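Below is one structure, written out as structure tokens; comments come after it.
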Amino acid sequence: MTKLLVVLALTLSLCVQGTLGGIACENLNEDSCSFSVSSAGKRCVLEKQIKRSREEAYVCHTSEIEADKMQDVIETDQCIEACGLDRKSLGISSDFLLESHFTQKLCSPQCYQSCPNIVDLYFNLAAGEGVFLPKLCEAQRGNTRRGMAELMRSSGSVAPGPTYSAKFTVSGSAPAMPPTY
């Protein structure tokens, strides 16, 4: 009986915590969704859906992208403005990093030093493109006309891709050897 009460109390506490204390992306409206982080540490993403009536509707969903050591964050309007973002941005994309006006704002002290949620998001998006965000910001400060495209072409900023085709096979006895360049 005691074990049953303990299990019941634990289950009830988890349910109450989930309903009272955390952010669920699906419960956010279009004015607070983009650049938010759920209580599970997943980034929220705003998507546009077309209803049967052909009316557009905006819906907030939980993405599979995890924020680094962050939970329960609804980004402030000050950070949205300082970083040159739009609260109603759809999806999550690294495309903004190609725009020099955006990188100027992102790399500005008002954004880079005060908005860790946004910096973490774009740090990871830049890394996914093979770019180190601090190096991009350094290049941005040194020459405002030098953008991500040039930085990606410069030596040392992006690891070279493979210059050969590879055939992957499964071998039961020996570990795979790293490729040689």
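The values are calculated or read from the model by the stated rules, or taken from the named source; none is laboratory data. This is a predicted model, so every value here is computed, not measured. Glycine also receives a Cβ, built like all others from the backbone with ideal geometry; neighbour counts cover every protein chain displayed. Note: accessible area is taken over every heavy atom of the protein model, side chains too, but ligands, DNA and RNA are not part of it. Shrake-Rupley method; radii C 1.70, N 1.55, O 1.52, S 1.80 Å.
Points to keep in mind about this one:
- Qualifying residues in the stretch 71-98 (those that are more than 11 Å from Ser36 (Cα to Cα) and touching a Phe, Trp or Tyr at 6+ places or on another chain (Cβ under 6 Å)) - the one surrounded by the fewest Cβ atoms within 10 Å (Cβ to Cβ): Gly84
- Qualifying positions in the stretch 38-70 - over 17 Å from Arg87 (Cα atoms), open to solvent by 20 Å² or more (accessible area, probe 1.4 Å) and touching a residue at least 40 places away in the same chain (Cβ under 8 Å): Ile65, Asp68, Met70
- Residues that are of a type in the set (A, V, I, L, M) and either part of a loop (DSSP other than H, G, I, E, B) or over 22 Å from Pro109 (Cα atoms) (or both) within the stretch 60-91 comprise Ile65, Ala67, Met70, Ile74, Leu85, Leu90, listed in sequence order.
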